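Coordinate-derived values only; no laboratory data. The model shown is predicted, which means the values in this text are computed figures rather than measured ones. Backbone-built Cβ (ideal geometry, glycine too); neighbour counts: all protein chains shown.
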Amino acid sequence: MAGITPIISRTSTLLNSQTALARLQETQRELYDAQEQITTGRAINRPSDASAKVSSVLYLEQRLAEREQQQTNLTAASGYLNFADIGLADANNLLNEAHSIASSQIGVGSDENTRKSQAIVIDSQVQALLEIGNRQFNGLSVFGGNNGAAPGERIFEDFLGGVRYVGSADNLRGDVGSFEHQNLSANGVDAFGALSGRVKSTVDFDPAATSSTRLADVDGAVGRGVRDGTISLNINGTVYAVDLTTADTLSDVVTRVNDTIANNAPGAGSLALTATGFALTGNGGNTVSIADPTGGQTAVDLGLDGVSSTGGVPTAGADVGVRLTETTALAALGATIDFASGLVITQGAETRTVDLSTATTVQELQNIIRDLDLGLRIDINAAGDALDLVTEVAGLELSVGENGGTTAEDLGWRTLGDATLLSDFNHGRGVATKAGEDDAQFTLHDGTTFAVNFDTATTTQDVLTLINAAATTAGATVGTGPGQFAATLATTGNGIVLNDNTAGGNDFVFEELNQSRAIQHLGFGLENNAAAGTTLTSTDAATARVENLFTHLIDLRNSLDGNDPTGISLAAGRLEDDIESAISARATVGVQAKRLEDTKARTEDQTLTEQGMLSQIKDADLTEVITRYQQLQLQLQASLQTTAQIQQLSLLDFLR
């Protein structure tokens, strides 16, 4: 092939060196990766090792971490509930023993000394029950609920001669892998009935809406709270969106709506705050309305959906349902309450005259009651419209009365008020009447005598009405002036007060008729007849107290010590109910424990499944990796030999 010049291809030494070095580095990197996989047993040690599988690995690792915490929660909860079960079993045995003692002492065969001896036994059982209630597991109270005491602290304590519970009515709850958090502990209220339930106010405090009322503190016009969103403001046919997603208070709603009007149609109208919510006004010939956009619900919740106004006439929205909170101002309450007069509160042997006049908020009211140190507190009820007075002390009688005004009645706390049911008297035993016959007879100073039948009475006011009506029928003048008679409620403290201002030489007395004890059940003692005096005053026979096993054991102890067969019998009956309650509480704990055991087994199975899935994705096939490692070693050796040969070429070899 004469005339053709051959093309000779030459590669520079530098390029050969760079190529060889790159191959060596790649092989060394692969060797390092294989060595790391052999050492760790994992095919994926960093996100870059398998970017397509990273999300699955991270998800499974997160789930396994959650499972570990859930198993810890389940283990702790099982311990709590097992201890609670043991405690309730011990309490049940104790109650059975107490009931047996009570039953043996009801009959006429027991003497006073024997009963006093048994009272000492019951007192020791009260102390034993205290120790059961204060048992701890892992340093936390078994029956403290979610307010468990620290190590060494007591949930049940001796207080003013009774037993005070300072735990919570709610259980500890935690994530155990189910759809909802589960109870992880027991509490003293469910287990022992540790708080009172009677002094619950029926007065609707009706708090007014104010500029500082938070949207989170209203029920909403349809009872679903206020859901975040945007509302549509229509001004003369033009619709503007008002964003309320970040609004915090009712005032924020007013401000944003009015700013929208001012920025787009100044003077066209306004939104104002009312005691129950909002009112919209369209000024002059302007028409202003508010509605929800498609799919929205904020205007509905604010009571403004479909509200429209024109001609300067305000249109009120629906009631937004403001709830009571600790920061609610007492001046904003819709109910009329006499905070100036104060209360007279008796807890056991302790009586306090309580000044509420300095309180300006619900929280300050709560603080005043708490600072009495009587084992009382104020709770906002579940509906958020009233305040309940709660006594935490079992075994004591609680009386809440007036201090010359209407404070206790206005708050709905008066234990002996006009509307108090006779069925609540004497701790639920009521007032027993002699059906169809007169129950009591009264004689006034002027000789007027009248009898009263209480069969139709259901409230304290009914009792007062029947007494006054019978006096009137007998010829007495009912009133508070000279020569008059009246049955009223005490203006200070509590009690039914009978005032005889008639003149004459007869004693002012009452007596039981037809073997009826109704007058005694109403709180009048036969030994307290007025005689020459003008006033008969009953005790508060409608006192409130904690009805639980501590109270009933204390009742039994006191009745035994006082040689009171009737009291012993009543205590025995109540202990029967306590035994049933303890059995029920133990069953509830058992069901919860079984549920947690099932959840624990299910969680263990899920953990094994997820570990298997993670292993399939993340773990290395050691046989394959070791084989690849050996191949890479041979590859590296060959590359080094080849590189060495290339690097030994001389200039003559290059020119050849």
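A few notes on this one:
- Scaling the Cα radius of gyration of segment 480-618 by the globular reference 2.2 N^0.38 Å produces a ratio of 2.11.
- Computed about the Cα centre, the dipole magnitude for segment 427-466 is approximately 180 debye when only Lys and Arg (+1) and Asp and Glu (-1) carry charge, each at its Cβ.
- Simple label model, 7 Å out from Cα along Cβ direction - T202 to R370, nm: 3.0
- FRET efficiency for the T255 to V313 pair, using the beta carbon distance and R₀ = 25 Å, is estimated at 0.65.
- Exposure proxy ranking, count of Cβ atoms within 10 Å, fewest first, for K200, K600: K200, K600
- Modelled spin-label separation between D462 and N82, with each label point placed 7 Å from Cα along the Cα-to-Cβ direction: 5.5 nm.
- Two-site FRET efficiency, E112 against R352, from Cβ-Cβ distance with R₀ of 41 Å, rounded to 0.05: 0.70
- In segment 215-316, inverting the average of 1/r over every pair of distinct C-alpha atoms gives 13.3 Å as the Kirkwood radius.
- Sorting the segments 382-392, 356-366 by their residues' average number of neighbouring beta-carbon atoms within 10 angstrom, most packed first, yields 382-392, 356-366.
- Neighbours of N82 by Cβ distance under 15 Å: Lys/Arg scored +1, Asp/Glu scored -1, total +2.
- Amide H to amide H distances under 5 Å link F159 with R164, where only residues 5 or more positions off or on other chains count and H is placed in the peptide plane.
- T491/T72 FRET efficiency (R0 51 Å; Cβ-Cβ; nearest 0.05): 0.25
- Note on segment 366-449: Cα convex hull, mean projected area over all directions, 9.3 nm².
- Kirkwood hydrodynamic radius of segment 426-537, from inverse mean 1/r over distinct Cα pairs, in Å: 14.0
- Calculated on the Cα set of segment 330-415, radius of gyration then Dmax: 12.2, 37 Å.
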